[in-house]
Amino acid sequence: MMMQTQSPSHELHTLSVHALSQALHAKQVSAVEVASHFLARSRAHANLGAYVALNEEATLAQARAADARIAQGQAGALEGVPIAHKDIFVTKDFVTTAGSRMLQNYQSPFDATVVSKLGTGVPGGAPGAGMVTLGKLNCDEFAMGSANENSAIAPVGHVTPQPVRNPWDTTRVPGGSSGGSACAVAAWLAPAATGTDTGGSIRQPAAFCGITGIKPTYGRASRYGMVAFASSLDQAGPMARSAQDCALLLSAMCGPDLNRDSTSLDVPAEDYSRTLNDSIEGLRIGVPKEFFGEGLAADVRTAIDAALKEYEKLGAKLVPITLPRTALSIPVYYIIAPAEASSNLSRFDGVKFGHRAKDYTDLADMYKKTRAEGFGDEVKRRIMIGTYVLSHGYYDAYYLQAQKIRRMIADDFQNAFKDCDLIAGPVAPTTAWKIGAHKDPLADYLADIFTLPGSLAGLPGMSVPVGFGAGGMPVGMQLLGNYLQEARLLNAAHRFQQATDWHARTPEGF
C-alpha cells in the first residue's frame, strides 16, 4: 500500500544519496515527500540561479510511480532518489536549452541515455535505477566556459539570464560549465546531479563548490542525447557530496550503448561500490612536478600538500613523476575542441529545429542572422577559431599538429603509470574567482591547465574536497587514474573521506 505523503522533514535535504535510498527502500519516507521537499528548496534558493527548468507535475508523477514500484517490490537500485540534470542532456519532460538562445524552449522527443539509465531505463533495455528528475540545471552555453557566466537562459525565478552563484560566496563563480550542477549539490538543492566534462567541467566546478565529482574514462557513459560540444572529449559523469554517492551514481550511468553511440565502449557496467572499503596500503600516488610550479596559488598548494600527507598516513606512497607536456595541453585543447565545436554546431542553422531569425531575404541570409542571433559571444569565438584551424592551408599547421601532440600527452600518462597507480594534484590553480573578474577569455582558458591533460588523454579523473583557501573558499584535489580505473579512484577518494570531513562541510545559510 502506498504510504501517505507527510510534511517534509527539514533533515531530508541533508541525507546522502545512499541514506535516501535506504530510507526509501525501507518505506521510512516516500519519494513524493522527498521530491516535494527538494522542489521547495529549489524555489526558495532561486537567487543562486542553479535551475533553468522545473516541471513540478512531471517530477511528482515520477515520484508517485517510484513509490508504486517500491510498494510492489520492484524498486531499482536508487528508486525514488531525486537527481537534477545538467541542461546539456535532452529530456522529454523538461525543456533542453544547452544554455543557449539557439535552443530556447526546445522540447526533446526522447531522453538521453544517461537520463534513461538513471531513471526508468532505456526503452527496450534493462530497467533503470529509478531516480526522480527534479529539473534541469544551468550551464555555460553549449558547455563552453569555466565559470558559468556564459548562459543565455534566465534561471527559474529570474526574467533575464544570470550567472550561477557559488553558495560559499554568492559574489563568486561556481566554476563551469557544470556550475549549476555543482551549486545545486553544494546548496542541498539536489542530492546529486549529472554533469559533463570536456576539459574539466565536472572536476573544476566540483572543486570550486566543495563537492565530489568524477569524469569516467571516455566512452564509459553514453553520449547519446548529450548536446555535443567536442565529440572526442565530451563525457558524462555524476556530481554528489561524497565518493560513495558518486560510486552509486556511476554504477547506474555507465555501460555499453553501441546502437546509439558510436563512441561508447563495449565494456560492461561495474558495481563501483564493491571495492570502496578496500585498503589503500601501498597505493602509489604520482605527484607531477608540473602541477606544483609557478602559477599555483599558495592557499591551494597548502591544502593539497596536507591532503597528500593524509594519504601517507593512510598507507599510500607518494612518487615523484613528470608530465612534460602539461603546458601544451592548453593550446592543443583550444585547437581541437573549437574545431569539433565548429563542426557540431553547424547543425544549428534555423532549418530543422531551434531558433530561426524572423526577417531574412534568402537562405544564406537566414543562416547568418539565425546564427548571429542564436549564439553567444563565447560560442561564436570558438566556432570562429575552429573554422579557422580546419580551413584549407591551416589544417596541417594547427589541427593535425594538435592531434599529434595529443597522442604524446596520452603517452606521457602511460609512462607515468609505470611508476604509480594514480596521479594527484590540484584541480585548478586558484579557488573560485569573483563574478566578472575575468574580462579576458584567456584567463578562463588558463584556469583549465590541470584538468585538460587528462581530458585529452581520455582518462578518468575526479575532484575531492580537501580543505579551504583564502576567503573560506573550497579547494579540490584532482585524482587521475589509468583507463577504466574508476573503481580505484573512488576507493582512494572514499578512504580519504572516511578519514576527513571536508566533503561534509556546508555553506553557511544552507
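Points worth noting:
- Residue count for segment 480-510 satisfying the condition of being outside any helix (DSSP H, G or I), touching an Asp or Glu at 6+ places or on another chain (Cβ under 9 Å) and small (Gly, Ala, Ser): 1.
- Residue match in segment 19-34 (condition: polar (S, T, N, Q) and at positive phi): no
- Matching helices (runs of 4 or more DSSP H) fully within segment 352-424 where at least 2 residues are more than 30 Å from the chain's Cα centre (by Cα) and farther than 30 Å from Gly315 by Cα: 363-374
- Exactly one residue out of Asp234, Asp257 is acidic (Asp, Glu), touching a residue at least 12 places away in the same chain (Cβ under 8 Å), crowded, with 21+ Cβ neighbours inside 10 Å and in contact with a helix residue (DSSP H, G or I) (Cβ under 6 Å, 6 or more places away or on another chain), and it is Asp257.
- Just one residue in the set Ala402, Ala424 is in contact with a strand residue (DSSP E or B) (Cβ under 6 Å, 6 or more places away or on another chain), under 28 Å from Ser146 (Cβ atoms) and surrounded by 13 or more Cβ atoms within 10 Å (Cβ to Cβ); that residue is Ala424.
- Residue within segment 288-296 that is over 20 Å from the mean Cα position of the chain (by Cα), outside any helix (DSSP H, G or I) and modelled with pLDDT of 95 or more present: yes
- Residue count for segment 155-211 satisfying the condition of being surrounded by fewer than 24 Cβ atoms within 10 Å (Cβ to Cβ) and among the hydroxyl-bearing types (Ser, Thr, Tyr): 3.
- Residues considered: Pro288, Pro331, Pro320. Of these, the only one that is buried (at least 19 other Cβ atoms within 10 Å of the Cβ) and not acidic (Asp, Glu) is Pro288.
- Counting only residues that are on the phi < 0 side of the Ramachandran plot and surrounded by fewer than 21 Cβ atoms within 10 Å (Cβ to Cβ), segment 445-496 holds 9 of them.
- Selection count, segment 25-45, where residues are basic (Lys, Arg) and either surrounded by 22 or more Cβ atoms within 10 Å (Cβ to Cβ) or closer than 13 Å to Gly135 by Cβ (or both): 2
The values are calculated or read from the model by the stated rules, or taken from the named source; none is laboratory data. Just so we're clear, the structure is a prediction, and the values are computed from it rather than from any experiment. Heads up, the Cβs are rebuilt from the backbone with ideal geometry, glycines too, and the neighbour counts pull from every protein chain shown.
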